[in-house]
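The structure under discussion appears below in the form of structure tokens.
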Amino acid sequence: MGQERGDRMTTRRQGVRTRLTPDQRRAAIIQAAVRVFEGRDPAAVTFEEIAVEAGVSRALVYNYFGDRGGLMAAVYEQLLVELDEELSVALVGPLPPRERVRDAVERYVAFARAHARGWQTLAMLAATRHPAVQRARRERYERLAVVWGSSAEARVVVTGLMGLLEAVTLDWLAEPAVELARLVDLADDLAWSGVEHLVDEGIVAPGSGAEPAAPTDAAQPAAAVSPALGGL
């Protein structure tokens, strides 16, 4: 009943009352959560704050996401849809493996830089121990591992590469000790040195699998989620 009432809520835009669908309402709540999470520990944010920001009832937020972890998992997935699409495009392209990895690193760093204000939020969400968030994180790695061949080894490689790039970009955004081009070169060298012999031996192969599908609940790419994730 609460969700039905919430779904009947409307938004006034330029004098026209627009009825929001359940998917639109869900996306609006995620947008509100991104704004509230920015610069804060997501685990310390209350549903009341998000409900107020979204202009809905606290009960409606619960109806859509179940608990705080469910909401954090939805935000985590939503923010990374565009990044994962970028990585997949790079890794399944026509270039040799060495150049594909370079392209993926460049896209990763560019995405982190363009979404600098929200990148710390993503890192905190990824570190959250709530089962729903960790499940979303595992499922993300499984989707990306498809591009590397879907093997158990591919899953390990993806986990290592994502951890490396996340740590490098977070540190650089907090304190850019080197020029951007140098950061990309260093991250690329680290990434390729870690997978080169695995590629040479045929243990993993970037682009050898099918392009992974987006998360089922992902309604829109990260760039459209919120102005709060603006560039530098």
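The values are calculated or read from the model by the stated rules, or taken from the named source; none is laboratory data. This structure is a prediction, so every number in the text was calculated from the model and none was measured. Cβ atoms come from the backbone with ideal geometry, glycine included; neighbour counts cover every protein chain shown.
Some observations on this one:
- Of all the criteria given as (1) at positive phi; (2) in a helix (DSSP H, G or I); (3) small (Gly, Ala, Ser), the one not satisfied by Ala59 is (1).
- Checked against the criterion of being under 14 Å from Thr169 (Cβ atoms) and not β-branched (Val, Ile, Thr), the candidates Leu60, Leu80, Leu95, Leu125 yield just one match: Leu80.
- The residues on offer are Leu164, Leu186, Leu125, and the sole one that is over 17 Å from the mean Cα position of the chain (by Cα) and of a type outside the set (Asp, Glu) is Leu186.
- Within the range 64-118, being surrounded by fewer than 19 Cβ atoms within 10 Å (Cβ to Cβ), among the β-branched types (Val, Ile, Thr) and under 19 Å from the mean Cα position of the chain (by Cα) holds for one residue alone: Val89.
- Residue among Arg35, Arg25 that is at pLDDT 90 or above and in contact with an Asp or Glu (Cβ under 8 Å, 6 or more places away or on another chain): Arg25
- Taken over the range 40-56, the criterion of being aliphatic (A, V, I, L, M), part of a helix (DSSP H, G or I) and at pLDDT below 90 is satisfied by Ala43, Ala44.
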